[in-house]
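Heads up: the structure comes next, in structure tokens.
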Amino acid sequence: MRNSRVIILFSVVLLFSFALISCGDDPASANEDPPALPTFENIEPDLSYFDSNQPQQSNSNYSEAYYYGLGLGSIAFTSQAYVSFFSLADSENADFKNGKWVWEYSYSYEGESVSIKLTAEPDGDFINWEMLWSFDDGQGNSITDYSVVTGRIASDGNSGSWTFNTLNPDTNEEEPILISEWSTSGENNLEIETDYYDSGSVVTTYTYTQNDNEFMVFLSDTDEENDITVFWDDEAMTGYYQMGSDTANRYCWDSNFEDVACGSVGY
């Protein structure tokens, strides 16, 4: 019940973000600017190929890949649930405290109160991010400094990782629900690997790669036969999906999105 109330109150914070109250003690360094707030775009796959090409009834292979591709891709958008809380900080003045940039804001509603603290700590060529939530329902139940999100991001933006946590209702401790890492060597070259957790153990791994015009999403399951691969080339407009590790279970389409033998399109 308490965790449900936390979710409800944080939803209220989003709806009434204009009423946020900024807190802070120390003035920021006059010689520095706070880092740009993250948007998580680096851990989101580009699925515009599927968005732009709706399947037809005759395109059975492409149709399967279409739904697998969009379905698998939706897994990687979990981070969007957290973006709004980062964007709230954008309207607040950051303070520089003990080597960290700090954004703090709070809100009260019908006897309940919530506060959010976002920190960014320069660490060599990286910036370490953390978002902490605290909550008091006014009836003796409270949570202090629940670490919702942590990240370590290269200053050039070419690599990094994010950890998204959930609150274990039995222990009142945070535990990861997903950890996502990425690296890029240019605008059209990107690799993202995201591990999904259940009770502290990895249950699924989602991998997305882009190499110029070639894209692939791969879902690794605890049972290898349930692994799913979707590959497409947005220049040749061809691709395939595959179940498990056996290429005999690979199903291809041509530039007209018609079913073809995989050898005829080079797969």
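Being modelled with pLDDT of 50 or more and exposed (fewer than 11 other Cβ atoms within 10 Å of the Cβ) is a property that does not hold for Asp51.
Filtering region 140-181 to residues that are over 16 Å from Pro35 (Cβ atoms) and among the hydrophobic types (A, V, I, L, M, F, W, C) leaves Ile143, Val148, Phe164, Leu167, Ile177, Leu178, Ile179. The residues of region 144-162 that are β-branched (Val, Ile, Thr) and open to solvent by less than 30 Å² (accessible area, probe 1.4 Å), listed by number, are Val148, Val149, Ile153. With respect to (1) under 18 Å from Ser74 (Cβ atoms); (2) charged (D, E, K, R); (3) at pLDDT below 90, the lone exception for Asp195 is condition (3). Taking the stated definitions as given, is Glu175 open to solvent by less than 60 Å² (accessible area, probe 1.4 Å), acidic (Asp, Glu) and at pLDDT 85 or above? Yes. Checking Asp170, Asp156 one by one, the residue that is out of contact with any Asp or Glu (no Cβ under 8 Å at 6 or more places or on another chain), at pLDDT below 90, charged (D, E, K, R) and in a loop (DSSP other than H, G, I, E, B) is Asp170 and no other. Out of Val83, Val102, Val114, one residue alone is more than 20 Å from the chain's Cα centre (by Cα), modelled with pLDDT under 90 and at negative phi. It is Val114.
The values are calculated or read from the model by the stated rules, or taken from the named source; none is laboratory data. Worth saying up front: this structure is predicted, and the values here are computed from it rather than measured. Cβ sites come from the backbone with ideal geometry, for glycine too, and all protein chains shown count toward neighbours. Side chains are part of the model used for accessible areas, which takes the heavy atoms of the whole protein and leaves out ligands, DNA and RNA. Shrake-Rupley method; radii C 1.70, N 1.55, O 1.52, S 1.80 Å.
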